[in-house]
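Enquirer: Dumping the structure here so I can ask a few things about it.
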Amino acid sequence: MSPEAFTADRIHREIKKLIMAGKFTPGLPLTVQSLADEFGTSTSPVRDALNRLVGERLVETQGGGGFALPEITKRNVYHLYSYHADLVRTIVKVMVRLEELGSPPGFVVNRSAHGLALAYATAEFFSLMASCSPNPEHLDAIVQAGERLAILRLNEGPIGRQGEELATLWNVTRSGNRNATRVAMWQYHRRRLLRADQISLAATRMT
């Protein structure tokens, strides 16, 4: 692999991290030259990284070869949470090896989780749950959906008590009670579907 390819891979990781942390305004352009200046490289690896992010649906192309973050609307927030709920429902039907879930992080149990830490813990939980499926495609799908949900998870304040909710969800899932897990998962997603407009509004105002 060429040095430039290594650079593109590093830039891809860094831009993805910034997107998921809400450092870019949804819907606004991403300027290739500005990013190249920030990373101290040429525009070529930046463009390669952004095209890769387009494939992951974290970035969109614009007319004339430009790039931008996707806009956040109530409609696409609702659809993304609904899609995640469908994935989780499928995984719950087949998951095994629940001991691999382990216990929820202490800061979640102690209800001190907030912001980025809680968003990371939520992504970790769903990835661990998907790892309990015998189908590896489930893990890939959950990780990709989680990356697209990251900015929304940073703005779930209207829901309230997310740390307590996550700890309960984590413990119910690892108990092995499949029916209780299905109910808890539906309640988790239903709360977000009902507040899709509030979450979308908060996400568009965060930067």
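The values are calculated or read from the model by the stated rules, or taken from the named source; none is laboratory data. Quick caveat: nothing in here was measured; it's all calculated off a predicted structure. Because the Cβ atoms are built from the backbone with ideal geometry, glycine has one as well, and the counts that use them run over all protein chains shown. Keep in mind that these areas ignore ligands, DNA and RNA; they rest on the heavy atoms of the full protein, side chains included. Shrake-Rupley method; radii C 1.70, N 1.55, O 1.52, S 1.80 Å.
Enquirer: Can you tell which of Glu156, Glu124 is under 19 Å from the mean Cα position of the chain (by Cα) and in a helix (DSSP H, G or I)?
Expert: Details: Glu156 fails: in a helix (DSSP H, G or I).
Residue meeting the stated conditions: Glu124.
Enquirer: When you look at Ala141, is it at pLDDT 95 or above, open to solvent by less than 60 Å² (accessible area, probe 1.4 Å), closer than 17 Å to Tyr81 by Cα and part of a helix (DSSP H, G or I), yes or no?
Expert: Values: at pLDDT 95 or above: yes; open to solvent by less than 60 Å² (accessible area, probe 1.4 Å): yes; closer than 17 Å to Tyr81 by Cα: yes; part of a helix (DSSP H, G or I): yes.
It is true that Ala141 is at pLDDT 95 or above, open to solvent by less than 60 Å² (accessible area, probe 1.4 Å), closer than 17 Å to Tyr81 by Cα and part of a helix (DSSP H, G or I).
Per-residue answers, yes or no, for (1) charged (D, E, K, R); (2) without any contact (Cβ under 8 Å) to a residue 40 or more places away in the chain:
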{"position": "Ile11", "(1), (2)": "no, yes"}
{"position": "Gly27", "(1), (2)": "no, no"}
{"position": "Pro45", "(1), (2)": "no, no"}
{"position": "Arg97", "(1), (2)": "yes, yes"}
{"position": "Gly106", "(1), (2)": "no, yes"}
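Enquirer: Examine region 91-111 for a residue that is at pLDDT below 90, in a helix (DSSP H, G or I), in contact with a Leu (Cβ under 7 Å, 6 or more places away or on another chain) and open to solvent by 80 Å² or more (accessible area, probe 1.4 Å), and state whether such a residue exists.
Expert: Checked against the condition, which is being at pLDDT below 90, in a helix (DSSP H, G or I), in contact with a Leu (Cβ under 7 Å, 6 or more places away or on another chain) and open to solvent by 80 Å² or more (accessible area, probe 1.4 Å), region 91-111 yields at least one hit.
Each row is one residue, and each column tells you yes or no for (1) in contact with a helix residue (DSSP H, G or I) (Cβ under 6 Å, 6 or more places away or on another chain); (2) outside any helix (DSSP H, G or I); (3) hydroxyl-bearing (Ser, Thr, Tyr).
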| position | (1), (2), (3) |
| --- | --- |
| Thr168 | no, no, yes |
| Asn171 | no, no, no |
| Gly176 | yes, yes, no |
| Asn179 | no, no, no |
| Ala184 | yes, no, no |
| Gln187 | no, no, no |
| Leu193 | yes, no, no |
| Gln198 | no, no, no |
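Enquirer: Let me ask you something else. Give me the residue from region 144-169 that is among the acidic types (Asp, Glu) and open to solvent by 20 Å² or more (accessible area, probe 1.4 Å) and, out of that set, modelled with the highest pLDDT. Let's see the steps before the verdict.
Expert: As a first pass, look at region 144-169 and keep what is among the acidic types (Asp, Glu): 147, 156, 164-165.
From what is left, the residues that are open to solvent by 20 Å² or more (accessible area, probe 1.4 Å) are 147, 164-165.
Working: Glu147: 95, Glu164: 88, Glu165: 90.
Among those that are among the acidic types (Asp, Glu) and open to solvent by 20 Å² or more (accessible area, probe 1.4 Å), it is Glu147.
Enquirer: How many of the residues making up region 50-95 are among the acidic types (Asp, Glu) and touching a residue at least 40 places away in the same chain (Cβ under 8 Å)?
Expert: To start, the set of residues in region 50-95 that are among the acidic types (Asp, Glu) comprises 56, 60, 71, 86.
Now drop any that are not touching a residue at least 40 places away in the same chain (Cβ under 8 Å), which leaves 56, 71.
Qualifying residue count for the region: 2.
Enquirer: Of (1) over 20 Å from the mean Cα position of the chain (by Cα); (2) surrounded by fewer than 14 Cβ atoms within 10 Å (Cβ to Cβ); (3) among the aliphatic types (A, V, I, L, M), Ala36 satisfies all except one. Which?
Expert: With respect to (1) over 20 Å from the mean Cα position of the chain (by Cα); (2) surrounded by fewer than 14 Cβ atoms within 10 Å (Cβ to Cβ); (3) among the aliphatic types (A, V, I, L, M), Ala36 is out only on (2).
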